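Below you'll find the structure, written out as structure tokens, and then a few comments.
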Amino acid sequence: MAQVAHPAAPAVPITVTVNGTTYRHAVEPRTLLVYYLRDTLSLFGTHIGCDTTSCGACTVLLNGLAVKSCTVLAAQADGAEILTVEGLARDGQLHPIQEAFWLEHGLQCGFCTPGMLLTALQILQRHPDPSDPEIRRGLEGNLCRCTGYQHIVNAVRRAARELQSAPPAGAD
Amino acid sequence: MIPDRFEYFAPQSVPEAVGLLQRYGAEARLLAGGHSLIPLMKLRLAAPRYLIDLNRIPRLASIEEDATVLRIGALTRHAELEASELVRTRYPLLADAAHVIADPLVRNMGTIGGSLAHADPAGDWGAAMLAVRAEVVATGPRGLRTIPIDGFFTDTFTSALEPDEILTEVRVPRPQRGSGGAYLKLERKVGDFAIAAVGVSLVLDGRGTCGQVGIGLCNVAPTSLRARRAEAVLEGKKPEAAALARAAAAAAEEATPVSDLRGPAEFKRDMVRVLTARALRRALQRARGEG
């Protein structure tokens, strides 16, 4: 494997709407979406956990799809709508998924939690009343070293019940 | 880690993308789902100078059946195939495979065309498509070319695509009456590549004899592998226990796994035997309409 250092390339103009706010930037083509969110937009809630596309701590919703933002270029997000963990709470009110993680003790160190929350939203979009196996399957791309997952599963189950009975206004 | 620098293009049409490939040749790579390429670039195992993003080109993702084939657009995401009612009900082998690729987040981005073109022997679609005798359509400056999947994987991470061609469609023969298929994967943990995986497709005639049999092996050879000798054991025969066992043993012998972090070669070889036997039984159940 040779060390290469290609010459600088033209920046790519991107327009991205993140948590409802539209940003315009020119990014280096190789900028990964997770770095754009953290370093350019100062949204540090999306975490970088593994460098091998394994852990899912970097999960965001990109046009409604849960993706590992460490494996997507910022350039690919041009024109897209992105939801990060910072976009879940509204006017100081926790999103039901956040409430559920709190009440069910679905986190300890919290490092995986932003990714878990966004993936949980995707699971509930696709399965509003998920079985435990469906929840576990949906979480396969998100690793947690602290909880052993059971409380995370409980949290998603609880959030499913909450969202079914009273969906928040403007919920994704 | 961070990829090396590259120049980025987002063409709006296939001819535009082909033109970029022609211009930049070996220094260019195509970006589809990016969940094989970008990890390689982050590790600097790949460092293309030019990256051609295919995701702005319309109408490259679709799942449609016509009179003879299931046509899958190259940019169709694994998740779309997993969710497709058409695939689930009429192409159970493909549904099984879609279900076990990586994890749900990767499946939201990864594409079938990207997976096949990447020609990773650990790619599940390779073995699945070998089993169903698919074809791929390559679009280049000389027009369209149909490539049978059988000769498509020429070496590890190497396909029969020319440097200026783009894989634009995958075509799977429509199932005949009496056909059944299954894809089984053994992995160390969720989201992993296979220790071994096997896809089996077969047809039973009215007397319960096997017609065409397709067996594809994943991650146990330098490329996705078609287990021809195993297929020949069953074609034209009744799929009785002894024949199934011989076919499974033949598949295991045809595999050439290497010992690595996923296990010793002999273990993997024996898992080919076990998975082939199980996939054969499952395919037969489905062929007999036993669901």
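For the reader, a short list of remarks on this structure follows.
- Selection status of residue B:221, closer than 23 Å to residue B:134 by Cα and either assigned to a helix (DSSP H, G or I) or in contact (Cβ under 8 Å) with a residue 40 or more places away in the chain (or both): yes
- Within the stretch A:94-113, the residues that satisfy the criterion of being in contact (Cβ under 8 Å) with a residue 60 or more places away in the chain and either crowded, with 21+ Cβ neighbours inside 10 Å or not in a loop (DSSP other than H, G, I, E, B) (or both) are A:95, A:96, A:97, A:99, A:100, A:112.
- Boolean, residue B:225 is within 17 Å of the chain's Cα centre (by Cα), surrounded by 15 or more Cβ atoms within 10 Å (Cβ to Cβ) and under 20 Å from residue B:97 (Cα atoms): yes
- Residues (in contact with a strand residue (DSSP E or B) (Cβ under 9 Å, 6 or more places away or on another chain) and assigned to a loop (DSSP other than H, G, I, E, B)) located in the stretch A:120-171: A:141, A:142, A:168, A:169, A:170
- Cβ-Cβ under 7 Å pairs, at least 6 apart or on other chains, the stretch A:15-41 side closer than 13 Å to residue A:87 by Cβ, far side of a type in the set (Gly, Ala, Ser) and surrounded by fewer than 22 Cβ atoms within 10 Å (Cβ to Cβ): A:16/A:80; A:19/A:87; A:20/A:87
- Taking the criterion of being within 13 Å of another protein chain (Cβ to nearest Cβ), more than 20 Å from residue B:110 (Cβ to Cβ) and without any contact (Cβ under 8 Å) to a residue 24 or more places away in the chain, the only residue of the stretch B:6-41 that qualifies is B:27.
- The residue that is nearest to residue B:8 (Cα to Cα), among those in the stretch A:1-18 that are more than 10 Å from chain B (Cβ to nearest Cβ) and crowded, with 18+ Cβ neighbours inside 10 Å, is A:14.
- Enumeration of residues in the stretch B:1-14 that are loosely packed, with under 14 Cβ neighbours inside 10 Å, farther than 14 Å from residue A:29 by Cα and either touching a helix residue (DSSP H, G or I) at 6+ places or on another chain (Cβ under 6 Å) or not polar (S, T, N, Q) (or both): B:1
- Per the conditions (1) within 9 Å of another protein chain (Cβ to nearest Cβ); (2) in contact with a Leu (Cβ under 9 Å, 6 or more places away or on another chain), the sole criterion not satisfied by residue B:45 is (2).
- Of the strands (runs of 3 or more DSSP E) that lie entirely inside the stretch B:115-207, those containing 3 or more residues that are not aromatic (Phe, Trp, Tyr) span B:135-140, B:143-148, B:166-173, B:179-186, B:196-204.
- Note on the stretch B:188-245: residues that are under 30 Å from residue B:158 (Cβ atoms), of a type in the set (Gly, Ala, Ser) and at pLDDT 95 or above amount to 12.
- Cβ-Cβ contacts under 8 Å between residues 6 or more apart (or on different chains), taken from a first residue in the stretch B:272-285 that is over 15 Å from residue B:213 (Cβ atoms) to a second residue that is buried (at least 21 other Cβ atoms within 10 Å of the Cβ) and among the charged types (D, E, K, R), are listed as B:275/B:185.
- Subset of the stretch A:11-51 that is in a helix (DSSP H, G or I) and among the hydroxyl-bearing types (Ser, Thr, Tyr) - its residue that is farthest from the chain's Cα centre (by Cα): A:40
- The listed residues are B:61, B:46, and the only one of them that is in contact with a Ser or Thr (Cβ under 6 Å, 6 or more places away or on another chain), surrounded by fewer than 20 Cβ atoms within 10 Å (Cβ to Cβ) and of a type in the set (Gly, Ala, Ser) turns out to be B:61.
- The set of residues in the stretch A:43-59 being without any contact (Cβ under 8 Å) to a residue 60 or more places away in the chain, more than 10 Å from chain B (Cβ to nearest Cβ) and crowded, with 18+ Cβ neighbours inside 10 Å consists of A:43 alone.
Residue-by-condition table, conditions (1) over 29 Å from residue B:118 (Cβ atoms); (2) small (Gly, Ala, Ser):
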| residue | (1), (2) |
| --- | --- |
| B:219 | no, no |
| B:232 | yes, yes |
| B:267 | no, no |
| B:271 | no, no |
| B:285 | yes, no |
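- Residue match in the stretch A:72-87 (condition: modelled with pLDDT under 95, within 11 Å of another protein chain (Cβ to nearest Cβ) and part of a loop (DSSP other than H, G, I, E, B)): no
The values are calculated or read from the model by the stated rules, or taken from the named source; none is laboratory data. In this text, all values refer to a predicted model and were calculated from it rather than measured experimentally. Virtual Cβ from ideal backbone geometry, glycine too; neighbours counted across all protein chains shown.
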